[in-house]
Structure formats: structure tokens, C-alpha cells
Amino acid sequence: MKVLTIREINKNTGIAISTLSKWCRLGKFKNAKKVVSPAGEYWEIPEADWKAIESGLIEVKRGRPKKEI
């Protein structure tokens, strides 16, 4: 099973690192794991979880909601 980091997904898609981190914290990626190493902490996201979001199987909202006038 291939795993991706937030930086790899950001580099390939342009989705902000802060948005991807938030999705991990909120559980959008069901099998994502936070890894603690001597260099720091980072998220490992299974490629299958990313494919589910990319294909639209899991709904994510992007951007700020529109104001009602």
C-alpha cells in the first residue's frame, strides 16, 4: 500500500497544506496516521483514501461559503 504525505498531495494538486492538515484532523482520510519522527510530525495518507476524495466518493467542501444578501 502506497502512502502519500500532505506535501506530496499539495505539490500535485495545489490544495493548501493547511486544508489537507485540517482534513486529516477532521477524519476525512479514514486511514491517515500522524507519524512522529526526530525531524518532526507529518501525516501519512494511504493512496486509496486520496483516490476516494479525488474521485468524489467522499465529499469535501472547499472555499468560503457565499454570503446571503
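The values are calculated or read from the model by the stated rules, or taken from the named source; none is laboratory data. Since the model is a prediction, treat every value here as computed from it, not as a measurement. Cβ placement follows ideal geometry from the backbone for every residue including glycine, while neighbour counts extend to all protein chains displayed. Note: accessible area is taken over every heavy atom of the protein model, side chains too, but ligands, DNA and RNA are not part of it. Shrake-Rupley method; radii C 1.70, N 1.55, O 1.52, S 1.80 Å.
Rounded to the nearest 500, what is the chain's calculated 222 nm mean residue ellipticity when only DSSP H runs of at least 4 contribute -39500 (n - 2.57) each, over all residues?
Details: 3 runs with 27 residues, N = 69.
The helix contribution divided over the chain gives -11000 deg cm²/dmol.
Considering only S37, T5, I17, and ranking their Cα positions along the charge dipole of the chain that arises from unit charges at the beta-carbon of Lys, Arg, Asp and Glu, the one farthest toward the positive end is I17.
Full-extension gain between K30 and T5, please, as 0.36 nm times their residue separation minus the C-alpha to C-alpha distance. All intermediate terms of the calculation are to be shown ahead of the outcome.
Numbers: separation 25, 0.36 × 25 = 9.00 nm, distance 1.44 nm.
Full-extension gain reported as 7.6 nm.
Protein-only accessible surface at a 1.4 angstrom probe places the residues R7, R64 in the order R64, R7, largest first. If only the Cβ of Lys and Arg carry +1 and only the Cβ of Asp and Glu carry -1, the dipole of the chain around its Cα centre is close to 280 debye.
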